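Here is the structure we will look at, set down as structure tokens.
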Amino acid sequence: MLLLKRLLFLACCALLLASCNFRKEKTQTSSILLQDVLLIDGNGGAPLMHMDVRIRADSIAEIGRKLDTQHTLVIPMSGKTVMPALTSAHVHVGSLKGTANKPENYTRNNILSQLKKYADYGITNILVMGTDLPMLFQSGLRDSSVNNLLPGARLFSAGYGFGPPGFNTGHLYQPQRADQVPAQMDSLAQLRPAVVKIWVDDFAGHSRKMDTAVYRAVIREAHKHGLRVAAHVYYLADARRLVADGVDMLAHSIRDSVIDDNLVKQMKEKKVIYIPTLALDLFSFAYAGMPEWINDPFFKAALEPGVYEMITAPGYSAAAKNSPLYARNRHGFETALKNLKKLQDAGVLIAMGTDSGAQPIRVQGFSEHMELALMVQAGLTPLQAITAATKNAAHALKINAQFGTITPGKKADLLIINGNPATAISNTRNIAAVYKAGRQVSKGPKAP
């Protein structure tokens, strides 16, 4: 009996010691320290050298030089830049698969695959602009994604957009009269969309334009529900009316004319957010030639199956060059560059978005890095472009309390890159790692 008691005592001691060691081990690795990095925090200031960033659980805990390394997993990162992960404030997901964009492609697996792709490219939050389908909400996929319960980028949604009658894109509301809008907006509001999307454009004369009374009703009813409105635009005249009528975001560039000073002033006073989607305009004519990126593994890794073969097939380039819209698209792109620079200089809030995923050639993930380069081509500094894609885009989604800058208390969504994007914006493509909510989720896209 005495022997048995001693054995039980020793067993209890062993369990207690193991428990203490386990707790000690957990304490010793209670945080992660990214050590000796070049820090771009997203606020627009100059990069900070030789900084340490401490991550505890899913958030940024501390930033400084030579931070305490006790009870910490230290990851040396000399030569690397740490910046906030990107947010894209205008994308589309789900319906694109291979070389086709159609509703039957809109499945859970396809959406999750594309969210993973965005994350591989350092984009951890996206806003889908009005082309989602009921499955996203009925299945709880949107809510699970936003609440960080699914892999890949978090999916914020504008739900179902408003277009003119006959504009058959997805699951849209297409009111013929203004008095039809209140009931439709009541229905949309139940989905808790991040914004309300309206299409106000005639697509070079190929579509009926939304009636002014109808879109005014959309803006009025959305605001009654506390929802903001983002407008697809092309023409300066439409932008003028929309801003006067209270639109909250212009979701594309003004591309037919250079913006006038009075509209710039109104946009700044009314705090209208501008999402230039320059990559969309570049892709509309770029394949008339042989773009320098066409064989870049960073580009090819983002392509849907079959798209590379499509854009390099004999005759594709000539067809793009001979398109009746070729000259219009080139002019629109050049005008968009001018308007972005003018609005940036005036202090209008610029948020990064690309319209990626709307067509096979608008490549998800790659487009966002191309957008950064095009912003710099327009005359923004690399740091201004990065701020547009981090802090400002998070502001556009109203998630800036948690995301968009590297600040203690905010979620540890980080893009870690080799090189310094403040001196060459193309360095954002040299991805070393992507962190989402404090956990490394990718080392960048894999070469095809």
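Tabulated data for the structure shown
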{"read-out": "1 or more residues among the hydroxyl-bearing types (Ser, Thr, Tyr) and out of contact with any helix residue (DSSP H, G or I) (no Cβ under 8 Å at 6 or more places or on another chain): qualifying helices (runs of 4 or more DSSP H) within region 68-167", "value": "108-120, 141-146"}
{"read-out": "Condition met for VAL434 (of a type in the set (A, V, I, L, M), assigned to a loop (DSSP other than H, G, I, E, B) and open to solvent by less than 20 Å² (accessible area, probe 1.4 Å))", "value": "no"}
{"read-out": "Given (1) part of a helix (DSSP H, G or I); (2) touching a Phe, Trp or Tyr at 6+ places or on another chain (Cβ under 8 Å), number of the condition VAL441 does not satisfy", "value": "(1)"}
{"read-out": "GLY170 vs. criteria more than 21 Å from SER253 (Cβ to Cβ), surrounded by 18 or more Cβ atoms within 10 Å (Cβ to Cβ) and touching a residue at least 60 places away in the same chain (Cβ under 8 Å)", "value": "yes"}
{"read-out": "Some residue of region 294-306 being open to solvent by 30 Å² or more (accessible area, probe 1.4 Å), over 30 Å from ILE219 (Cβ atoms) and free of Cβ contacts under 8 Å to residues at least 24 places away in the same chain", "value": "yes"}
{"read-out": "Any hit, region 196-208, residues being surrounded by 14 or more Cβ atoms within 10 Å (Cβ to Cβ), out of contact with any strand residue (DSSP E or B) (no Cβ under 7 Å at 6 or more places or on another chain) and at pLDDT 95 or above", "value": "no"}
{"read-out": "Only one of ASN109, ASN148, ASN101 that is in contact (Cβ under 8 Å) with a residue 60 or more places away in the chain, among the polar types (S, T, N, Q) and on the phi < 0 side of the Ramachandran plot", "value": "ASN101"}
{"read-out": "Single residue of MET77, MET135 found to be open to solvent by less than 20 Å² (accessible area, probe 1.4 Å) and more than 30 Å from ASP281 (Cα to Cα)", "value": "MET77"}
{"read-out": "Condition check for PRO421: open to solvent by less than 10 Å² (accessible area, probe 1.4 Å) and more than 21 Å from SER145 (Cα to Cα)", "value": "yes"}
{"read-out": "Filtered residue count, region 356-389, keeping only those that are out of contact with any Pro (no Cβ under 6 Å at 6 or more places or on another chain), open to solvent by 10 Å² or more (accessible area, probe 1.4 Å) and either of a type outside the set (A, V, I, L, M) or under 27 Å from THR407 (Cβ atoms) (or both)", "value": "10"}
{"read-out": "For LYS391: the one exception among (1) under 22 Å from VAL82 (Cβ atoms); (2) in contact with a helix residue (DSSP H, G or I) (Cβ under 8 Å, 6 or more places away or on another chain); (3) of a type in the set (Lys, Arg)", "value": "(2)"}
{"read-out": "For PRO193: the one exception among (1) over 26 Å from TYR326 (Cβ atoms); (2) open to solvent by 30 Å² or more (accessible area, probe 1.4 Å); (3) without any contact (Cβ under 8 Å) to a residue 40 or more places away in the chain", "value": "(2)"}
{"read-out": "Qualifying residue in region 29-50 (condition: modelled with pLDDT under 50, open to solvent by 40 Å² or more (accessible area, probe 1.4 Å) and more than 22 Å from ALA432 (Cβ to Cβ))", "value": "no"}
{"read-out": "Positions within region 435-448 being touching an Asp or Glu at 6+ places or on another chain (Cβ under 7 Å) and at negative phi, in sequence order", "value": "TYR435, LYS436, SER442, PRO445"}
{"read-out": "Matching entry among LEU374, LEU337, LEU343, LEU383 (being closer than 26 Å to ARG439 by Cα and of a type outside the set (Asp, Glu))", "value": "LEU383"}
{"read-out": "Filter result for the condition that a residue is of a type in the set (Gly, Ala, Ser) and open to solvent by less than 10 Å² (accessible area, probe 1.4 Å), over ALA217, ALA213, ALA244", "value": "ALA217"}
{"read-out": "Filter result for VAL146 (in contact with a Lys or Arg (Cβ under 6 Å, 6 or more places away or on another chain), aliphatic (A, V, I, L, M) and either open to solvent by 30 Å² or more (accessible area, probe 1.4 Å) or under 21 Å from LYS446 (Cβ atoms) (or both))", "value": "yes"}
{"read-out": "Residues located in region 228-287, provided they are charged (D, E, K, R) and either touching an Asp or Glu at 6+ places or on another chain (Cβ under 9 Å) or part of a helix (DSSP H, G or I) (or both)", "value": "ARG228, ASP238, ARG240, ARG241, ARG255, ASP261, LYS265, LYS268, GLU269, LYS270, LYS271, ASP281"}
{"read-out": "Looking only at region 37-80, and only at residues there that are of a type in the set (Val, Ile, Thr) and in contact with a Ser or Thr (Cβ under 7 Å, 6 or more places away or on another chain), the one that is nearest to GLN384 (Cα to Cα)", "value": "ILE40"}
{"read-out": "Pairs with Cβ under 6 Å, 6+ apart, first in region 266-293 and charged (D, E, K, R), second surrounded by 18 or more Cβ atoms within 10 Å (Cβ to Cβ)", "value": "LYS268/VAL348; ASP281/GLY332; ASP281/PHE333; ASP281/ALA336"}
{"read-out": "Every residue from region 324-348 that is of a type in the set (Gly, Ala, Ser) and open to solvent by less than 40 Å² (accessible area, probe 1.4 Å)", "value": "GLY332, ALA336, ALA346"}
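The values are calculated or read from the model by the stated rules, or taken from the named source; none is laboratory data. Since the model is a prediction, treat every value here as computed from it, not as a measurement. Heads up, the Cβs are rebuilt from the backbone with ideal geometry, glycines too, and the neighbour counts pull from every protein chain shown. Keep in mind that these areas ignore ligands, DNA and RNA; they rest on the heavy atoms of the full protein, side chains included. Shrake-Rupley method; radii C 1.70, N 1.55, O 1.52, S 1.80 Å.
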